[in-house]
Amino acid sequence: MIGSGTRALLFAPMGLLLAAFLMTVVGLVHSSAARGLAVYVELLGDPGIRTVLVRTVIIATITTAACAVLGYPLALFLSRSRNRNLWLILVISPWLVSIVVRTFGWMVLLGSRGLVNTTLQAVGATPSPIRILFTPTAVVLGLTHVFLPFMVIAILSSLLQLDRRLEEASRILGATRWQTFRAVTLPLSVPGLIGGCSLVLLMATGAIVTPLLLGGLRDRMLGTQIYTEVFQVFNFERASAMAVILLATALILVIPLRLVEGRMRRRLGAAR
Amino acid sequence: MRTSLPVRILAALVLVFLPAPLIIVIGASFSPGAVLSFPPPGFSLRWYGEVLGDHGWVMAFVASAGIAAGAAVVTTIAALGAALALEHASPRTRSIAETMILAPLLFPHAALGIAFLSWLVALHANGTMIGVFVSHVILCAPFAYRPIAVSLHQIDRSVAEAAEILGASPWRTITTVLIPMLRPGLAAALMFSFIISFDEVTVTMFLVGPEFSTLPVKIYGHLADSADPVVAAISTILIAMTGGMILLLDRVVGLGIFVDIEEDARGNA
């Protein structure tokens, strides 16, 4: 057994990091409240900021839904594939390449001379290049691509824990594939799905690089607004307050999901 | 039970979608022309020459690699200590400590960026390498902690107990028994932290200054002005680095560690 003194010594470096992290969070709230709550009243009373807030929530929600719809079939396929490791490389490599590089790839793909537009023109779908880049559609597409691997891994881990005999039992008892999926596979993998959703929702609300590069100047999100507030307007107080609002928004969206997820996991655990 | 045809078709489409932008970037980097286009009209290494001849790009690369290597070592040591310290702690203490260690994952990156900036401004360390380094260490800690904690749950405890019964001191048990057995988790923690730090841009873009920038932030700055094949070439170098790390990770630990980490985190939630 390791003594308590040794344990404290072992934990010290991490404790230092935790303290530093706590300080930054306190510092953030402190620098936003230099004039009390005045800045929050101003921000939340500003229709422009309210629009940005609503847009951020909508874009993050659509991105999350798109990740769930695209990620589930892939996770299902991976959970049953014999060459899982090989396919996993295709999921994990894009995940770990810098966001800025992946977003750049979408700039090349979606630009007026990009592959998407040249293909559309070649097949005669459109006479002149259509505008995809610098629209909210491009932002959703880019964010979906950036966060999809998180969703796939979260769902996959849930599917791999699932007892396959339950599915076999369902099939033997005469259920169709679809019925088995609806009644057995899907309900048992919902915790992973919700976990993935909360992760993507959280990250999408705080994104900066992808909305700045793929979105137009008109369609700002909270993250891009914070960035411009710091580096173009140099208003630290407003930027900090926006960051606190962003944090609160993200937590309001994510905490209910986490609670539902925890409750479902406990229920599944009890049923086992 | 095999998956049905529609599921396989959808999965195949997504498996094409995921690497697509990377393949486009790699292809465009070999273009001989000054305009970015895919498919490239010819083949040339011209833009790679340009990148390697540019002091700014090389310095940014060196800075990013240095910060990532340093952050990986520091966070892995801190995470190993924490995981060993919490192993025999009461479930309550442990759950509180783990929640705190993983807390940075719950913060949107845009909020973290400005939080670190306000702190570094107060210390007059904004726009410096040390400021970015410390921020990366804090950011990477949860990523280093999880693989080590997973490894610790998986190893056979009786070996460490045997060492203790045979009279080994706690330190000796840690250094001669536990650390060698935790090698896969430690390797995953090192590589994971390195990749996270090396590729980080959202938080770091708040912390760099006119004299100092990391590679991804410099790429971002370049893209905001113009997207040319130089960026494609440097991006391809970055993709190759990350790809190399992933293959190494697959060799040393196996990519299943990503799924294990997820299972473990959910299991304890």
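Data for the structure
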item: Single condition residue A:140 does not satisfy, out of (1) facing another protein chain (nearest Cβ under 10 Å); (2) under 25 Å from residue B:27 (Cβ atoms); (3) open to solvent by less than 50 Å² (accessible area, probe 1.4 Å); result: (1)
item: Residue within region A:218-231 that is at pLDDT below 90, part of a helix (DSSP H, G or I), open to solvent by 40 Å² or more (accessible area, probe 1.4 Å) and out of contact with any Leu (no Cβ under 9 Å at 6 or more places or on another chain) present; result: yes
item: Within region A:1-42, tally of residues that are more than 14 Å from chain B (Cβ to nearest Cβ) and in a helix (DSSP H, G or I); result: 4
item: Helices (runs of 4 or more DSSP H) completely within region A:79-133 that count 3 or more residues being at pLDDT 85 or above; result: A:84-96, A:99-110
item: Close pairs (6 angstrom Cβ cut-off, 6 or more residues apart or separate chains): more than 8 Å from every other protein chain (Cβ to nearest Cβ) in region B:248-260, part of a helix (DSSP H, G or I) and open to solvent by 30 Å² or more (accessible area, probe 1.4 Å) anywhere; result: B:253/B:184
item: Some residue of region A:160-172 being more than 22 Å from residue B:262 (Cβ to Cβ), at the interface with chain B (Cβ under 9 Å from one of its Cβ atoms) and out of contact with any Phe, Trp or Tyr (no Cβ under 6 Å at 6 or more places or on another chain); result: yes
item: Qualifying residue in region A:54-74 (condition: open to solvent by less than 50 Å² (accessible area, probe 1.4 Å), small (Gly, Ala, Ser), more than 7 Å from every other protein chain (Cβ to nearest Cβ) and without any contact (Cβ under 8 Å) to a residue 40 or more places away in the chain); result: no
item: Pairs where the first residue, in region A:101-129, is closer than 15 Å to residue B:228 by Cα and of a type outside the set (A, V, I, L, M) and the second is open to solvent by 60 Å² or more (accessible area, probe 1.4 Å) and not in a helix (DSSP H, G or I), C-beta under 7 Å, 6+ apart; result: A:112/A:129
item: Residue match in region A:172-182 (condition: assigned to a helix (DSSP H, G or I), touching a helix residue (DSSP H, G or I) at 6+ places or on another chain (Cβ under 7 Å) and open to solvent by 30 Å² or more (accessible area, probe 1.4 Å)); result: no
item: Enumeration of residues in region A:40-70 that are under 21 Å from residue A:194 (Cβ atoms) and out of contact with any Ser or Thr (no Cβ under 6 Å at 6 or more places or on another chain); result: A:57, A:58, A:59, A:61, A:62, A:64, A:65, A:68, A:69, A:70
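So that you can scan it fast, the table gives a plain yes or no per residue for (1) crowded, with 23+ Cβ neighbours inside 10 Å; (2) within 7 Å of chain A (Cβ to nearest Cβ):
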{"site": "B:78", "(1), (2)": "yes, yes"}
{"site": "B:88", "(1), (2)": "no, yes"}
{"site": "B:92", "(1), (2)": "no, no"}
{"site": "B:96", "(1), (2)": "no, no"}
{"site": "B:112", "(1), (2)": "yes, no"}
{"site": "B:115", "(1), (2)": "yes, yes"}
{"site": "B:124", "(1), (2)": "no, no"}
{"site": "B:128", "(1), (2)": "no, no"}
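The values are calculated or read from the model by the stated rules, or taken from the named source; none is laboratory data. Just so we're clear, the structure is a prediction, and the values are computed from it rather than from any experiment. Cβ coordinates were reconstructed from backbone atoms using ideal geometry, including for glycine residues, and neighbour counts include every protein chain displayed. We work out accessible area using only protein heavy atoms, side chains counted, and drop any ligands, DNA or RNA first. Shrake-Rupley method; radii C 1.70, N 1.55, O 1.52, S 1.80 Å.
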